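We did not get these values from a lab; they are worked out from the coordinates using the rules stated. Being a predicted model, the structure only gives us computed values, none of them experimental. Positions of Cβ are backbone-derived with ideal geometry, glycine not excepted, and every protein chain shown enters the neighbour counts.
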Amino acid sequence: MEGTLFNIFAGLTVLSALLVVANPFSRNPVTSAMFLVTTMISISGLFVLLGAYFLAAVQILVYAGAVMVLFLFVIMLLDLREAARRKLNLVSLAMGIMAVGALFLVYKSSLESTYGEAPQQHEVAADTGQAEAKPPKVVGSTRALGQALFSGENGFILPFEIVSILLLVAMVGVILLSRKEPR
Amino acid sequence: MEPTLSQYLLVSGALFAIGLLGVIVRSNLLIIYMSLELMLNAANVALVAMSRFNGNLDGQVMVFFIITVAAAEVSVGLALIVALYRKRQTTDVADLATMKL
């Protein structure tokens, strides 16, 4: 069940991310923004599978809600209809695909060499009765995350306050940047 | 059949590669910005997966902070794009090759 859900969400994430970057049917930025919403929602599905329930809710609220509304607002404000088709530089396209593909293959092979033996090791550990050495699965409920954030000797109270100041600075900066005649 | 850590990391790597591809290949500034968001979310998926499989909640706290900072970053970046569009009437990076406004 969990494996099936993982396959669905992972496939949906990668597929809609590809459609954000290269959509064969439309070069309208609004379409890309809509597929970005699909990507964010599937990522929050992955978060639910990983037990990060609070982060899944925050992901939908902040990304699929606030950030995407901002993106769509700017796209429609700029009215980018005339940017429909512009001839692609084929050399740079091929180079980009080659470079990124090579990077991904390096990453994939390093993952395989790191975790490839994991199932066998796990079976060996189960045979010798060391299966409980595996750390327990954490569940990121709102209560657990709040306690990790605010309590304990290694709480995150100072970073939390710094982030609130950062949000204030961003708000003031955006107002300053988007005035009609910035001086 | 429960998915393993390496499967989650593979999804994260694929997402990062797609975002990087978008940043390299596309020339529309807004699409490049969306691809940056994809790369940021790839890092988030990797952090949450690591946090889950290592039994430590600090990774999820970090993702919480990343989401907050990303929201601030998106608002400032889009304001910059709007200001740039007011000056230059374009969002294509090929037309924005000089530092002079």
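Below is a table of values for the structure above.
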item: Tilt relative to chain B, helix B:29-54 - C-alpha long axis, 0 to 90 degrees, to 10; result: 10 degrees
item: Other protein chain Cβ atoms within 10 Å, averaged over every residue that makes up A:89-100; result: 3
item: Extended-chain gain in nm, criterion 0.36 nm per residue less alpha-carbon gap, A:LEU168 and A:ALA66; result: 35.1 nm
item: Label-point separation in nm, A:GLU161 to B:THR98, each point 7 Å along Cα→Cβ; result: 4.8 nm
item: Neighbouring partner chain Cβ atoms per residue of A:64-73, average, 10 Å criterion; result: 3
item: Phi-based couplings in Hz for region A:9-26 (Karplus 6.51, -1.76, 1.60; Gly and Pro marked x); result: 5, 5, x, 5, 4, 5, 5, 6, 5, 4, 6, 5, 7, 9, 9, x, 9, 8
item: Residues B:VAL69 and A:THR4, FRET efficiency given R0 of 41 Å [Cβ-Cβ distance, rounded to 0.05]; result: 0.75
item: Projected label distance in nm at A:VAL48 and A:VAL106, using a 7 Å step from Cα toward the beta-carbon; result: 3.7 nm
item: By average C-beta atoms within 10 angstrom, highest first, the peptides A:63-73, B:90-100; result: A:63-73, B:90-100
